[in-house]
């Protein structure tokens, strides 16, 4: 049985809090604010759960654990974008072992992280698809900047063919045609249900 250390648990909690302070490196291409690692992780989790439902995958607990752990090594390694990856070596296995060492979560999450990296199980493929779909959503959100167009073409050629699930491929197409404002324009709002509509009726 591995040694557990309550103090290491507390240290882990603080370290996970640091993920909200870590900008994803591609922010430098957009200039405007983009999601930090914690924000990215949260949306990946939700996308992965939706994909799991679509694909009929029942182990939601594993999906959630995998989504939560998939990028936490960046707490130690930092994020690397498509340029910096040409110059740096990320020691991710060392990072995950150091992050989880002697915590109550070590055994569960180390094995899930390793499974994600192998990309053999359906859960790992779903979480990777969710990771890629989150990038597409953010590119749409940053669409007011023309530099986003520079990424969409190459991603269509190089990332889309690597999607694992039919559901992710369908979401990819829908994201491409989507308008990021539909959720609030088409939902209940002041124009269609609230005080502004009432004023129009007068």
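The values are calculated or read from the model by the stated rules, or taken from the named source; none is laboratory data. Quick caveat, the model's predicted, so the values are computed rather than measured. Cβ sites come from the backbone with ideal geometry, for glycine too, and all protein chains shown count toward neighbours.
Being part of a loop (DSSP other than H, G, I, E, B) and in contact with a helix residue (DSSP H, G or I) (Cβ under 7 Å, 6 or more places away or on another chain) is the filter here; which residues of segment 161-181 pass it?
Selection gives 163, 164, 165, 178, 180.
Can you confirm whether segment 145-160 contains a residue that is part of a loop (DSSP other than H, G, I, E, B), more than 16 Å from the chain's Cα centre (by Cα), closer than 24 Å to residue 35 by Cβ and modelled with pLDDT under 95?
Looking through segment 145-160, at least one residue is part of a loop (DSSP other than H, G, I, E, B), more than 16 Å from the chain's Cα centre (by Cα), closer than 24 Å to residue 35 by Cβ and modelled with pLDDT under 95.
Please verify whether residue 89 is in a loop (DSSP other than H, G, I, E, B) and more than 22 Å from residue 170 (Cβ to Cβ), treating the condition exactly as stated.
Judged against the criteria, residue 89 is a match.
Conditions first: (1) touching a helix residue (DSSP H, G or I) at 6+ places or on another chain (Cβ under 6 Å); (2) in a helix (DSSP H, G or I); (3) under 24 Å from residue 172 (Cα atoms); (4) at pLDDT 95 or above. Residue 29 passes all but one, so which condition is the exception?
Condition (4) is where residue 29 drops out.
From the list 90, 86, 18, which residue is within 18 Å of the chain's Cα centre (by Cα) and surrounded by fewer than 17 Cβ atoms within 10 Å (Cβ to Cβ)?
Among 90, 86, 18, only 18 is within 18 Å of the chain's Cα centre (by Cα) and surrounded by fewer than 17 Cβ atoms within 10 Å (Cβ to Cβ).
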